[in-house]
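A short write-up of the structure that comes next.
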Amino acid sequence: MSPTQPTNELTKVDPMSKPARLQVDPATIPDSDKPPQSGTTFNIWFLKWSGGDSSTRSFTQSKFKVNIKRDSGYTKAQTRSPICLFFARGCCYRGKSCPYFHRLPLPTDYTPTTQDCFGRDKTAEYRDDMDGVGSFNKVNRTLYVGGLYIKPGIEEVITKFFSEFGDIEKIKVIHNKSCAFITMRYESSAQFAKEAMQNQSLGGQEVLYVRWANEDPNPEAQRHEKRRLEELALETVRNLLNSTTDQDSNPTKRTKTVTVEEPQEEVVGVEPSIKTIEASEVPSNESKPILSNSTLKKVAKIRNTLTVHKEIKSTNENLSTVLGGYSSDEDDEEEQDGDK
Amino acid sequence: MSEEESFSVCPTCLGNDKHIRMIKQDNGAECKQCTRPFTVYRWGNRSASNKLNKTLICLTCARAKNCCQSCMLDINYGIPTELRDTALKLAGLEPLSVLKSSTNREVKAIMADKLQESFSKQGKTGEDDNQTKARDILMKLAQKLNSTPKAIEGPNTNPEVADPANVSKLSKKLPFGNSLESDKHQDITTFFIFGFPKDLPQYLVAKASEEYGKVKGIVLNHDSRCGFISFEKRESAEAFAKSIDENGLNKNKKTAGLLVLEGNPMRVCWGKQKPLAKTSHENKQISLVVAKVMKQLAEKDRDFARTKATTSSSKSNTKSSSHSDKSSSKRNKPSQVKYKALKDDFEI
């Protein structure tokens, strides 16, 4: 999503100049370290109890918690390595020899659409309990946090705990359901916060369960979301138009040879049949520009007039009038109707 | 190699190497989208990572979404398919994605089978065809997006007026009438902030206030458009008040000051922290009160400016316009952002 750019900020920020802290010492953890029994059988793969009556199941608070300031540091991670999942959970035992990053996800990080910031593959649909990696069909920046202990000033407490993992856009606490919806600025921050705050507490005895949020059913929120998406789409298309014109100025013709190997499992010692095909799927850049120059000029002209129009509109208004004025803007609304 | 067994991967995923060695595995995995088994291709892309790239969804699903089998971005433009379809919708064009979703795995597989059939009936569309099609669409998109400025739809809520008898006790406690005068509000370190657009990001407020000192807490209730900022120290709070007071937007010192953060307008004044709305009903009531107060304050400002301006009202107009010009030039895409925020405030 975000293009990769080398960030010089890393060197400026102190935490990354020191080696990553060893979060847990594996020697201190007993072999028979099981969570309190909450089911009939213990699943050694997921380290969880399963079976039995679900009503008796209790959530246990995590023993580890990440402290970004204290724990982050340099590791053996390469440029495109993902973030360490165990670092986020506060229990990476490899410290500076970890092959993954021990830091917060940056907005400039390159994450494929099909993976989260920990390098785990996303799925098409959410899990039934909305836990897990999430869906690649939708960009979800909102977390559902359940199991809150509602007290006065809970919003501030949530802000304090979650802002450690990234910029918070919005917090909505549902007081009578003792849960909250937290929207982060970037999807990667939400992914990190989800793992970092899972089974943690907000300073008390409560155990949070953090899940992906479903779409907000509030029609107004949906309108907002739609508008945000539309703006984003417009922006992307504009960038696309600009970049295609840049590309067309220096056309390069590329062809590719793709060799496909078919491993033959049954027969040993036989050379794999190698087929060489001209990759018809690889779109080669052609010298013909996508948009003719005249169209582009036209487009630019129209765009200019548009922005000028909007500026005039905003300057016409006395700013303070505009900010609070609800009644005096009828003429403006008419103007917009005219535009449509 | 038949057409069905081929693959559709974007050039970015394939990498810059001129020769690519691929491993093909028949029925190697289940398609992440339709859950049917499909032929998996794996290849290395040294510029991206040392992990092997692989195809994640089947060719049918990729064709249905018109996306790359590996990165699932649009195959022609390299943008997320969700955004592409939104843009196409905005321009009044058909969305490229013909994939329907279902929660049932079985149904998904059946639908994908049908899709595959229909694709094979359509016959092979050549690569050149696809390319020219993509060009055509982009061209149309460019024309439509720029000729019809149907950019942003505002909220079309019918205006409601707060019923004074209905206003809850909660909203009466909120300090709407306060100002930014520091000497009038001694001993408090909290600000009441109201009238911001409903999509104001909290981090903007946090960043703006953290410049002046350590912030104890920020509470924003987006549904009722009001909230509190509390500082740890009185000095930083005073510095914050002063900065807003002197940002040139506040003419009337007796009322709450105006603050514009990246095109999001809001009013700020000193105020003791009070509990905000908890239920949706309270939210609605308070949001109506906020709307009313914003209107009154704007009128007050106008009156104030009228009495103060000795020459004429045109002067204040030009003054404000020059100001907004100045502030807009600072920002990236000023007209658009501001337009959005202001529109939000018009029609509540």
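Summed over the stretch B:68-93, the residues that are in a helix (DSSP H, G or I) and touching a Phe, Trp or Tyr at 6+ places or on another chain (Cβ under 9 Å) give a count of 1.
Output yes when any residue across the stretch A:134-146 is of a type outside the set (Asp, Glu) and over 30 Å from B:THR35 (Cβ atoms), and no when none is. The answer is yes, given that some residue of the stretch A:134-146 is of a type outside the set (Asp, Glu) and over 30 Å from B:THR35 (Cβ atoms). Among the residues of the stretch A:205-220, is any surrounded by fewer than 21 Cβ atoms within 10 Å (Cβ to Cβ), at pLDDT below 90 and in a helix (DSSP H, G or I)? Yes, the stretch A:205-220 has at least one match. For the stretch B:66-77, a tally of residues being modelled with pLDDT of 85 or more and within 7 Å of another protein chain (Cβ to nearest Cβ) returns 3.
Whenever a residue of the stretch A:58-80 is without any contact (Cβ under 8 Å) to a residue 12 or more places away in the chain and closer than 23 Å to A:LYS160 by Cβ, it has no partner that is in a loop (DSSP other than H, G, I, E, B) and aromatic (Phe, Trp, Tyr) lying with C-beta atoms less than 8 angstrom away and at least six residues away or across chains. In the stretch B:205-261, of all residues being under 26 Å from the mean Cα position of the chain (by Cα) and part of a helix (DSSP H, G or I), the one that is farthest from A:GLU156 (Cα to Cα) corresponds to B:ILE244.
Does the stretch A:150-157 contain any residue that is at positive phi and not charged (D, E, K, R)? Spell out how you get there, then give the answer.
Taking the stretch A:150-157 first, the residues at positive phi are A:153.
Narrowing the set further to residues that are not charged (D, E, K, R) leaves A:153.
Yes, the stretch A:150-157 contains a residue that is at positive phi and not charged (D, E, K, R).
Being within 9 Å of chain A (Cβ to nearest Cβ), touching a helix residue (DSSP H, G or I) at 6+ places or on another chain (Cβ under 6 Å) and either among the small types (Gly, Ala, Ser) or free of Cβ contacts under 8 Å to residues at least 40 places away in the same chain (or both) is the filter here; which residues of the stretch B:219-237 pass it? Selection gives B:LEU220 alone.
Taking the criterion of being more than 12 Å from chain B (Cβ to nearest Cβ) and either in contact with a strand residue (DSSP E or B) (Cβ under 6 Å, 6 or more places away or on another chain) or buried (at least 16 other Cβ atoms within 10 Å of the Cβ) (or both), the residues of the stretch A:122-155 that qualify are A:MET130, A:ASP131, A:GLY132, A:GLY134, A:THR142, A:LEU143, A:TYR144, A:VAL145, A:GLY146, A:GLY147, A:LEU148.
In the stretch B:30-46, the residue that is farthest from the other protein chains (Cβ to nearest Cβ) out of those that are assigned to a strand (DSSP E or B) and closer than 18 Å to A:LYS122 by Cβ is B:PHE38. Taking (1) facing chain A (nearest Cβ under 8 Å); (2) closer than 30 Å to A:ARG127 by Cβ; (3) at pLDDT below 85 in turn, B:PRO80 satisfies each apart from (3). Evaluating A:PRO251 against the criteria (1) more than 10 Å from chain B (Cβ to nearest Cβ); (2) at pLDDT 85 or above leaves one unmet condition, (2). For B:LYS272, the conditions (1) in a strand (DSSP E or B); (2) modelled with pLDDT of 85 or more; (3) in contact with a Pro (Cβ under 7 Å, 6 or more places away or on another chain) are fulfilled apart from (1).
Assess whether B:VAL107 counts as being among the β-branched types (Val, Ile, Thr) and either outside the structural domain of B:ILE137 (by TED's automatic domain parsing) or in contact with a Cys (Cβ under 6 Å, 6 or more places away or on another chain) (or both).
Judged against the criteria, B:VAL107 is not a match.
Taking the listed residues A:ILE158, A:ILE174, A:ILE168, the one that is β-branched (Val, Ile, Thr) and surrounded by fewer than 18 Cβ atoms within 10 Å (Cβ to Cβ) is A:ILE174, with no other qualifying. Return a yes/no flag: does the stretch B:94-109 have any residue that is assigned to a helix (DSSP H, G or I), more than 29 Å from B:ALA142 (Cα to Cα) and among the small types (Gly, Ala, Ser). Yes, the conditions are met somewhere in the stretch B:94-109. For B:THR60, are the conditions met, namely being buried (at least 22 other Cβ atoms within 10 Å of the Cβ) and of a type in the set (Ser, Thr, Tyr)? Yes.
Conditions (1) farther than 17 Å from A:ARG120 by Cβ; (2) surrounded by 22 or more Cβ atoms within 10 Å (Cβ to Cβ); (3) touching a strand residue (DSSP E or B) at 6+ places or on another chain (Cβ under 7 Å); (4) among the hydroxyl-bearing types (Ser, Thr, Tyr), marked per residue:
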residue	(1), (2), (3), (4)
A:ARG70	yes, no, no, no
A:THR75	yes, yes, yes, yes
A:GLN78	yes, no, no, no
A:SER81	no, no, yes, yes
A:PHE87	no, yes, yes, no
A:SER97	yes, no, no, yes
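If you go through the stretch B:277-315 and keep only what is assigned to a helix (DSSP H, G or I), among the small types (Gly, Ala, Ser), in contact with a Ser or Thr (Cβ under 9 Å, 6 or more places away or on another chain) and at pLDDT below 80, you end up with just B:ALA305. Would you confirm whether any residue within the stretch A:138-157 is in a helix (DSSP H, G or I) and closer than 24 Å to A:ASP116 by Cβ? Checked the stretch A:138-157: no residue is in a helix (DSSP H, G or I) and closer than 24 Å to A:ASP116 by Cβ.
The values are calculated or read from the model by the stated rules, or taken from the named source; none is laboratory data. Predicted model, so just to flag it, every value in this text is computed and none were measured. Cβ coordinates were reconstructed from backbone atoms using ideal geometry, including for glycine residues, and neighbour counts include every protein chain displayed.
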